[in-house]
Amino acid sequence: MRFGIATFVNDDAIDTVSLARAVEERGFTSLSIAEHTHIPASRETPYPGGGELPSVYYRTLDPFVTLAAAAAVTSSIELVTGIALLIQRDPIITAKEAASIDLISGGRFVFGVGAGWNIEEMRDHGTDPATRGALLDERIEAIIALWTTEPAEYHGRHVDFEPSYARPKPVRTPHPPVFIGGNSKATVTRIARHRAGWLSNPLPIDVIRSRVEQLADRAEHAVPLRMFAAPDDLGYLREVAGLGFEEAQLLLPTRSRDDSLRILDGLAESVARFG
């Protein structure tokens with residue numbers, strides 16, 4: 001199992017260039033960046049983790065800008081949206097942003113996507129929470145069409161555009177890997193539909209095992225498995241590896257530059273002990 005780094009990049013923490021270089025220098029395989037466009041002051045939607053919404057959610061940089069900066073100062077790590085809230089994004093612009101990062105990085109972009117959980121946030125983007133699943137499906141399909149065909153067109157209920165030329169195309173063929181976040185039967189269906197991978201959260205092992213079994217039953221492809229924000233817990237990580245995960249993206253708390261570098265050193269030592 002490979003080990004990457006997952007984090008929330010904030011405007012008052014380690015800078016992106018220092019972070020990306022440090023992740024690559026310590027031998028990690030990826031940098032995965034969380035997204036929230038904004039946090040509405042209303043807290044109608046409860047935080048899934050329980051309690052107050054952590055402060056890191058309020059100050060996140062745009063993941064595509066962040067990954068582009070990381071691409072310019074690295075040469076080997078994969079650059080992952082973990083996850084891009086695609087129901088809040090224009091698919092044509094997102095396709096161009098993602099393909100641009102893939103081109104700049106020489107084919108190192110990985111497209112993690114999901115529907116999100118913050119109802120107020122998605123409503124501010126004009127998204128109806130009741131149809132966000134269908135919207136996500138169509139936007140994934142539309143982006144893949146823009147990446148892989150020219151001229152590209154897509155005609156759905158929520159996304160509709162006539163034949164169009166869209167450049168650049170991604171470097172990686174047929175297109176960058178798509179990983180879908182979430183933990184539900186709908187997530188399993190979506191992964192199977194799009195022949196995607198699963199970008200799991202660090203759920204209890206029994207829950208993960210159940211989802212992996214469902215994916216094996218439903219999907220007609222071998223589903224790649226990765227985990228966002230995995231804990232620094234060797235016992236847990238060994239169980240995750242035993243379930244077939246190809247990568248665990250270890251959680252890097254959002255801290256100052258010096259604190260982040262020190263934590264990364266500790267995570268690298270844990271990976272060495274994992275063996």
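The values are calculated or read from the model by the stated rules, or taken from the named source; none is laboratory data. Owing to the predicted nature of the structure, the values given are computational and were not obtained by experimental measurement. Because the Cβ atoms are built from the backbone with ideal geometry, glycine has one as well, and the counts that use them run over all protein chains shown.
Is segment 50-66 home to any residue that is touching a Leu at 6+ places or on another chain (Cβ under 7 Å), part of a helix (DSSP H, G or I) and more than 14 Å from Pro170 (Cα to Cα)? No, because not a single residue in segment 50-66 is touching a Leu at 6+ places or on another chain (Cβ under 7 Å), part of a helix (DSSP H, G or I) and more than 14 Å from Pro170 (Cα to Cα).
Going through (1) under 30 Å from Arg43 (Cβ atoms); (2) buried (at least 24 other Cβ atoms within 10 Å of the Cβ) one by one, Phe109 falls short only on (1). Inside segment 75-119, residues that are in contact (Cβ under 8 Å) with a residue 60 or more places away in the chain, under 15 Å from Glu141 (Cα atoms) and either of a type in the set (Asp, Glu) or not in a helix (DSSP H, G or I) (or both) make up a count of 5.
Specify the residue that is surrounded by the fewest Cβ atoms within 10 Å (Cβ to Cβ); the eligible residues are those in segment 32-74 that are without any contact (Cβ under 8 Å) to a residue 60 or more places away in the chain and among the acidic types (Asp, Glu). Filtering first and then ranking leaves Glu52. For segment 1-25, filtering for residues that are β-branched (Val, Ile, Thr) and outside any helix (DSSP H, G or I) leaves 4. Checked against the criterion of being exposed (fewer than 14 other Cβ atoms within 10 Å of the Cβ) and farther than 15 Å from Thr94 by Cα, the candidates Thr173, Thr148, Thr189 yield just one match: Thr173. Those residues that are surrounded by fewer than 23 Cβ atoms within 10 Å (Cβ to Cβ) and out of contact with any Leu (no Cβ under 6 Å at 6 or more places or on another chain), I need them from segment 15-29; list them, please. Across segment 15-29, the qualifying residues are Asp15, Thr16, Val17, Ser18, Arg21, Glu24, Glu25, Gly27, Thr29. Residues considered: Glu153, Glu78, Glu97, Glu120. Of these, the only one that is under 27 Å from Thr45 (Cα atoms) and modelled with pLDDT of 95 or more is Glu120. The C-beta contact set for segment 250-275 (first residue touching a residue at least 12 places away in the same chain (Cβ under 8 Å), second residue surrounded by fewer than 12 Cβ atoms within 10 Å (Cβ to Cβ) and of a type outside the set (Asp, Glu), distance under 6 angstrom, 6+ apart or interchain) is empty. If you go through segment 206-225 and keep only what is surrounded by 14 or more Cβ atoms within 10 Å (Cβ to Cβ) and either among the β-branched types (Val, Ile, Thr) or touching a residue at least 60 places away in the same chain (Cβ under 8 Å) (or both), you end up with Ile208, Val212, Val223. Return yes or no: is Leu252 modelled with pLDDT of 95 or more and touching a helix residue (DSSP H, G or I) at 6+ places or on another chain (Cβ under 9 Å)? Yes, satisfied.
Identification of strands (runs of 3 or more DSSP E) wholly contained in segment 170-275 with 3 or more residues that are small (Gly, Ala, Ser) yields no element.
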